[in-house]
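The values are calculated or read from the model by the stated rules, or taken from the named source; none is laboratory data. Worth saying up front: this structure is predicted, and the values here are computed from it rather than measured. So basically every Cβ, Gly included, is an ideal-geometry build from the backbone, and we count neighbours across all protein chains shown.
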Amino acid sequence: MRVLHALESLRRGVIELAFPQRCAGCAGESPHGPLCPACVGSIPRLSFELCARCLAAEREPIGCAVHRGYGVWAAWVYDERAAVLVHALKYGGRPGLAGVLAVAVVDALPPALRPDLVIDVPLHAARRRERGYNQAAVLADAVATRLQAPRLPGALARTRPTREQARLGPRERRANLAGAIRVTCPEVLAERTVLLVDDVVTSGSTLEACLAALAGCGARAIAAALAWAQ
């Protein structure tokens, strides 16, 4: 499976060199990605913290002062332009986009944040085999490089496959994820400031489960995402 993904990436790279790419937003030339810089710059940005626990409970996620340890900073509002980039990273076999996308993620973080470790939201092994990689992991790699912070792959693991969260209610989402996320190295994460990276936050349930697992082992965690799908 990995060989097939590598061959497909090579084929795509040859095509992109031979034929100028067109921006999916404005149809102009975009030699370095699916969107031109102008269209990337026009994606609505966020400048406030979300609460993953409030999101998961379908409450107002902005301005929460109750749930410490469940903060999420997202770079963009998920619109049609953000969707192009997320889809290319997640399903389009374009992990190389992570380096560019990490710039937006890091710019959205509090300037004073200095994480001890950067980790990723885990993908179940079966789904990772389908895609060839975990998009959150490659994004976390790029974010860690940009922050010059240590990267700890595999700090969280999915113990079982879960259903898609989008069509589930709050209680069903929690039940779907109950016991599905575990910390693989609690002694390493205890008392550390940890930055958890994902591509998109939607219902907030996955990030809530990951942040709860980190809190359970004594980590001081904050989450970052490329976009918030409201």
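Being modelled with pLDDT of 80 or more, in a helix (DSSP H, G or I) and at negative phi is the requirement here; does residue 118 meet it?
So residue 118 does not fit the description; no.
Which numbered condition trips up residue 157, out of (1) touching a Gly at 6+ places or on another chain (Cβ under 7 Å); (2) over 18 Å from residue 74 (Cα atoms); (3) aliphatic (A, V, I, L, M)?
Evaluating residue 157 over (1) touching a Gly at 6+ places or on another chain (Cβ under 7 Å); (2) over 18 Å from residue 74 (Cα atoms); (3) aliphatic (A, V, I, L, M) leaves (1) as the failure.
Of all residues in segment 83-113 being of a type in the set (Gly, Ala, Ser) and part of a loop (DSSP other than H, G, I, E, B), which is nearest to residue 218 (Cα to Cα)?
112
Tell me which residues, restricted to segment 214-230, are outside any strand (DSSP E or B) and surrounded by fewer than 24 Cβ atoms within 10 Å (Cβ to Cβ).
If the condition is that a residue be outside any strand (DSSP E or B) and surrounded by fewer than 24 Cβ atoms within 10 Å (Cβ to Cβ), then 215, 216, 217, 218, 229, 230 are the ones that fit.
Within segment 44-82, how many residues are in contact (Cβ under 8 Å) with a residue 60 or more places away in the chain, of a type in the set (D, E, K, R), within 22 Å of residue 175 (Cα to Cα) and not in a helix (DSSP H, G or I)?
Of the residues in segment 44-82, 1 are in contact (Cβ under 8 Å) with a residue 60 or more places away in the chain, of a type in the set (D, E, K, R), within 22 Å of residue 175 (Cα to Cα) and not in a helix (DSSP H, G or I).
Restricting segment 60-77 to residues that are within 15 Å of residue 45 (Cα to Cα) and surrounded by fewer than 21 Cβ atoms within 10 Å (Cβ to Cβ), which is farthest from the chain's Cα centre (by Cα)?
That would be 62.
Please specify each residue of segment 25-42 satisfying the condition of being in contact (Cβ under 8 Å) with a residue 40 or more places away in the chain and within 16 Å of residue 78 (Cβ to Cβ).
Answer for segment 25-42, where residues must be in contact (Cβ under 8 Å) with a residue 40 or more places away in the chain and within 16 Å of residue 78 (Cβ to Cβ): 25, 34, 35, 39, 40.
Can you go through 100, 86 and tell me which one is modelled with pLDDT under 95, aliphatic (A, V, I, L, M), closer than 26 Å to residue 131 by Cβ and buried (at least 20 other Cβ atoms within 10 Å of the Cβ)?
Of 100, 86, the one residue that is modelled with pLDDT under 95, aliphatic (A, V, I, L, M), closer than 26 Å to residue 131 by Cβ and buried (at least 20 other Cβ atoms within 10 Å of the Cβ) is 86.
Select, from 208, 172, 191, the only residue that is part of a helix (DSSP H, G or I), of a type in the set (Asp, Glu) and out of contact with any Lys or Arg (no Cβ under 7 Å at 6 or more places or on another chain).
The unique qualifying residue is 172.
Any idea which of (1) in a loop (DSSP other than H, G, I, E, B); (2) modelled with pLDDT of 95 or more; (3) among the basic types (Lys, Arg) is the one residue 163 doesn't satisfy?
That leaves (2) as the condition not met.
Out of everything in segment 117-140 that is charged (D, E, K, R) and in contact with a Leu (Cβ under 9 Å, 6 or more places away or on another chain), what residue ends up being nearest to residue 210 (Cα to Cα)?
Across segment 117-140, the extreme among qualifying residues is 120.
Considering only segment 20-33, I want to know if a residue exists there that is aliphatic (A, V, I, L, M), modelled with pLDDT of 90 or more and either surrounded by fewer than 21 Cβ atoms within 10 Å (Cβ to Cβ) or not in a helix (DSSP H, G or I) (or both).
no
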